[in-house]
Amino acid sequence: MRNFKKTMPKKIWVNGRLVDPRRPAVSVFDRGFLYGDGVYETIRVYDGKPFQLEPHFQRLARSLRGIGMRVPFGRAVLGDAVASVMAANRLADGVVRLTVTRGEGALGFDPASCRRPTVVLLAVPFASHPAVHYEKGVRAVFVRLRRNAKNALDPSIKSLNNLNNILAKMESMKKGGQEALMLNQEGYLTEGTISNIFFISGGVLKTPSLDCGLLDGVTRSVVLSLAKRRSLAVWEGRCRPRHLFSAEEVFLTSTTLEVMPVTSVVDEQGRLRRIGSGQVGEWSGRLLRDYRRLITKATGKKFKI
Ligand code: PDD
């Protein structure tokens, strides 16, 4: 989105107050700005109702614990914040980005001078993905860049330090893909830059296990339970890229993508590999519909498919 300012929110929520986003709201000494010292969540709101809010709050708490912080506001305050930032921007369908940083502090890595965390909520309209992506599937690219090692900045922490993923995304775009796929240091598959990866192989739904070093996606968990409800066998473990190339179906999951089919993959040598028949597979379509049915049940939002 090149002219993002057109979608500039009317109000943003900063530490308990709705303020004008054109005025400086966060200090230039904020450690989120200076060092990426903070965490975030991206929450989808459908027809005015946040979807899977509780799991997002739980992961926020885990991420904060992972960086030695605690959730600075109570659950009720944050729930109200989500609702009020949506209402202040007159949005029913949208995305709320909730950021928590260690706050303002002296230059240097020692966080001792940080007195108060910064909490910012932004609400923006949901920019829907092109329908053709769901109908024909997207292309994913195995990139050179590896996912952060689990024993460095653990990918299970949804941290503001996204540069590795941004570089991976740039590499995948250069190679004509909509999403990058990253391996870990041992060469096992982890996830995309903003999504988790699944594939169907021998009629079994497979996905890299959390110990491969990846984000415990909220959508990933929902899709795993939907699959079990359909009696689709599920397997979590260590996967090599070749397992993906021979899969019958591949798809990505995330809060904003929901269930996005992948119909071609560029391998590490730059070769284009078709997945299955090259068309959106049955399970990808079925799980997307199941996922949306769940959204309808939880929020009332109606979908065309
Ligand atoms: N991205 N893996 C990574 C690295 C992610 O950043 C995300 C989420 C996911 C999927 O997680 P979930 O199902 O909880 O959205 C997996 C969000 C959408 C973002 O970065 O805005």
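The values are calculated or read from the model by the stated rules, or taken from the named source; none is laboratory data. Because the structure is predicted, anything quoted here is derived from the model rather than measured. Every residue, glycine among them, receives a Cβ derived from its backbone with ideal geometry; neighbour counts consider all protein chains shown.
State all residues of region 209-231 that are in contact with a Phe, Trp or Tyr (Cβ under 7 Å, 6 or more places away or on another chain) and either part of a strand (DSSP E or B) or under 17 Å from W283 (Cβ atoms) (or both); if no residue qualifies, say none.
V222, V223, L226
Could you pull out the residue among T253, T296, T263 that is touching a Lys or Arg at 6+ places or on another chain (Cβ under 8 Å) and within 13 Å of the ligand (Cβ to nearest atom)?
Every option except T253 fails the conditions.
Among the residues of region 178-201, how many are away from the ligand (no atom under 15 Å from the Cβ), assigned to a strand (DSSP E or B) and in contact with a helix residue (DSSP H, G or I) (Cβ under 6 Å, 6 or more places away or on another chain)?
Matching residues across region 178-201 total 2.
May I ask you to list the residues in region 139-154 that are in contact with a strand residue (DSSP E or B) (Cβ under 8 Å, 6 or more places away or on another chain) and either closer than 30 Å to M86 by Cα or assigned to a loop (DSSP other than H, G, I, E, B) (or both)?
Matches in region 139-154: V143, L145, R146, R147, L153.
Of the residues R59, R65, which is loosely packed, with under 15 Cβ neighbours inside 10 Å, modelled with pLDDT of 95 or more and not in a loop (DSSP other than H, G, I, E, B)?
R65
Name the residues in region 127-161 that are closer than 30 Å to N89 by Cα and either modelled with pLDDT of 95 or more or loosely packed, with under 14 Cβ neighbours inside 10 Å (or both), would you?
Passing the criteria: A127, S128, P130, A131, V132, H133, Y134, I157, K158, S159, L160, N161.
Can you go through K175, K169 and tell me which one is within 15 Å of N148 (Cβ to Cβ) and either more than 11 Å from the ligand (Cβ to nearest atom) or in contact (Cβ under 8 Å) with a residue 12 or more places away in the chain (or both)?
When all the criteria are applied, what remains is K169.
Does L122 count as closer than 30 Å to V100 by Cβ and outside any loop (DSSP other than H, G, I, E, B)?
Answer is yes for this residue.
For L288, state whether it is within 16 Å of the ligand (Cβ to nearest atom), part of a helix (DSSP H, G or I) and not basic (K, R).
Yes: the conditions hold for L288.
Residues of region 75-85 being farther than 16 Å from Y40 by Cα and out of contact with any Leu (no Cβ under 9 Å at 6 or more places or on another chain), which ones?
If the condition is that a residue be farther than 16 Å from Y40 by Cα and out of contact with any Leu (no Cβ under 9 Å at 6 or more places or on another chain), then A76, V77, D80, A83 are the ones that fit.
Identify all residues within region 271-285 that are under 16 Å from L226 (Cα atoms) and in contact with an Asp or Glu (Cβ under 7 Å, 6 or more places away or on another chain); write none if there are none.
Matches in region 271-285: W283, S284.
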